[in-house]
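So the structure is just underneath, and the comments pick up after that.
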Amino acid sequence: MALLQTQFFSQILGIHATMHVILPETSQGIGIGGSQDTTDNSRPLPVLYLLHGLSDDHSIWLRRTSIERYVAERHLAVVMPAVNRSFYTDQAAGYRYWTYISEEVPQVVRHLFKISARREHTFAAGLSMGGYGALKLGLRLPDRYAAVASLSGATNLASFIENPQTQAEGEMIFGSLETYQGSDNDLYALAKKTAASGGVKPKIFQCCGTGDFLYQDNLQFRPYLEKLGYDLVYKEKKDAVHEWGYWDEMIQQVLDWLPLTKDE
């Protein structure tokens, strides 16, 4: 695999932004999967946008998991952008991180690398805040994302906005609780809106440990998605908490679940 750290100027954020990108190579190197990739490299690559959590950055998936090794035998690009503590949202009093992650990052990626723009080749996954971001990408842009995965995701941000310890930050990002509820930042409202549209819906992978502080939120979101008719795979692990050993295990299952065709 080729690992690239990419710096570029973001017109949306007005800063020099950073992302890590994993790209397949013809030769994987000693001890990593097969020695030869025979896939047709002339075609644009399917892509997984892999999103970080609240306290992390673009490097965390590489530092805490073996994601580079896990994708070695798959003809798949992995893009890991940095978004700070943004919740992948156009902030009420801040920067336009939703526009950045949903519009600018894919445009930059396709400009710099041979990445497919087709829906069936485009996926997102993330943990915690990144799980929220992945679900929001799939539910707001179902015509662009075929499948999204949430690992211990934040599925209901009302508690973040209401909590006295995070209220100021929550209101800076989302505005008031009343502004958040029913908006395109509210996953419940988004899921209902997308289902009611009658158009395509993304496949969804959702997982959480039973010992995770976000477990009850995930437990409540699951039947809501099922009732709305989403193609949902849900997994939970007894006593697993909000930690990297669990996410390292689950990202491997996500990669196996992604609807990649055999010729990709």
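Rounded, prolate or oblate: which fits region 38-145 when a ≥ b ≥ c are the square roots of the eigenvalues of the alpha-carbon gyration tensor, with rounded for a/c under 1.5 and prolate only if a/b beats b/c?
On the way: a/c = 2.03, a/b = 1.37, b/c = 1.48.
Oblate shape, in that a/c is at least 1.5 and b/c is the bigger or equal ratio.
Summing Lys, Arg as +1 and Asp, Glu as -1, what charge do residues with Cβ under 14 Å from the Cβ of Met80 carry, Met80 excluded? Show your work: numbers first, answer last.
Numbers: positive: Arg63, Arg64; negative: Asp56, Asp57, Glu68.
Counting the neighbours of Met80, the net charge comes to -1.
With r as the distance between the Cβ atoms of Ala189 and Glu162 and R0 = 22 Å, compute the FRET efficiency 1/(1 + (r/R0)^6) and round to 0.05.
0.80
Restricting to DSSP H runs of at least four residues, report the calculated mean residue ellipticity at 222 nm for the chain, -39500 (n - 2.57) per run over all residues, nearest 500 deg cm²/dmol. Numbers along the way, then the final one.
Numbers: 10 runs with 83 residues, N = 264.
It lands at -8500 deg cm²/dmol.
Got a sec to turn the phi values of region 129-137 into Karplus ³J(HN,Hα) couplings, 6.51 cos²θ - 1.76 cosθ + 1.60 with θ = phi - 60°, whole Hz, x for Gly and Pro?
4, x, x, 4, x, 5, 4, 5, 4
Please list 3J(HN,Hα) in residue order for region 62-67, calculated via the Karplus relation 6.51 cos²θ - 1.76 cosθ + 1.60 where θ = phi - 60°; whole Hz, with x for glycine and proline.
6, 7, 10, 10, 9, 4
Around Asp184, which amide H atoms from residues at least 5 apart in sequence, or from another chain, sit under 5 Å from its own amide H, with H modelled in the peptide plane?
Here nothing satisfies the definition.
What are the ³J(HN,Hα) values, in whole Hz, obtained from phi via the Karplus relation 6.51 cos²θ - 1.76 cosθ + 1.60 with θ = phi - 60°, for each residue of region 219-230 in sequence order, with x given for Gly and Pro?
5, 6, 6, 4, x, 4, 5, 5, 4, 7, x, 6
Excluding Gly199 itself, what net charge comes from residues whose Cβ is under 13 Å from its Cβ, given Lys and Arg +1 and Asp and Glu -1? Walk me through the numbers before you get to the answer.
Details: positive: Arg119, Arg140, Arg144, Lys193, Lys201; negative: Asp143.
Local charge sum for Gly199: +4.
Using a Förster distance of 25 angstrom, determine the FRET efficiency expected from the C-beta separation of His16 and Arg63, and round it to 0.05. Kindly include the intermediate steps, with their values, before the conclusion.
Details: r = 21 Å, r/R0 = 0.85.
It comes to 0.70.
Among the listed pairs Lys201/Lys227; Lys114/Lys201; Lys136/Lys238, give every one whose C-alpha distance is greater than 20 Å. Let's see the in-between values first.
Details: Lys201/Lys227 13 Å; Lys114/Lys201 26 Å; Lys136/Lys238 27 Å.
Among Lys201/Lys227; Lys114/Lys201; Lys136/Lys238, the Cα-Cα distance tops 20 Å for Lys114/Lys201; Lys136/Lys238.
List every residue whose amide H lies under 5 Å from the amide H of Ser10, counting only residues 5 or more places away in sequence or on a different chain, with H placed 1.01 Å from N in the peptide plane.
Ile15, His16, Ala17
Can you list residues from other chains, or at least 5 along the same chain, whose modelled amide H is less than 5 Å from the amide H of Ala149?
Residues meeting the amide H criterion: Ala124, Ala125, Gly126, Phe205.
How much FRET efficiency would the formula 1/(1 + (r/R0)^6) give for Leu3 and Ser176, where r is the Cβ-Cβ distance and R0 is 25 Å, rounded to 0.05?
Working: r = 42 Å, r/R0 = 1.67.
The pair Leu3/Ser176 has a calculated efficiency of 0.05.
Which residue, chosen from Ile204, Ala117, Ala240, occupies the Cα position most advanced towards the positive end of the dipole of the chain, where the dipole is computed from +1 (Lys, Arg) and -1 (Asp, Glu) charges on Cβ about the Cα centre?
Of the options given, the answer is Ala117.
Report which label in (1) 20.8, 65; (2) 17.7, 55; (3) 17.3, 49 holds the value of Rg and Dmax of the Cα atoms in Å derived from the coordinates of this structure.
The value computed from this structure is option (2).
How would region 211-264 be classified by its alpha-carbon gyration tensor: rounded, prolate or oblate, with rounded meaning a/c under 1.5 and the a/b versus b/c comparison settling the rest? Intermediate values should be presented prior to the final figure.
On the way: a/c = 3.62, a/b = 1.19, b/c = 3.04.
Judged from the Cα gyration tensor, region 211-264 comes out oblate (a/c at least 1.5, b/c at or above a/b).
Every number here is computed from the coordinates shown, using simple stated rules; none is lab data. Since the structure is predicted, the reported quantities are computational estimates derived from the model, not experimental observations. Because the Cβ atoms are built from the backbone with ideal geometry, glycine has one as well, and the counts that use them run over all protein chains shown.
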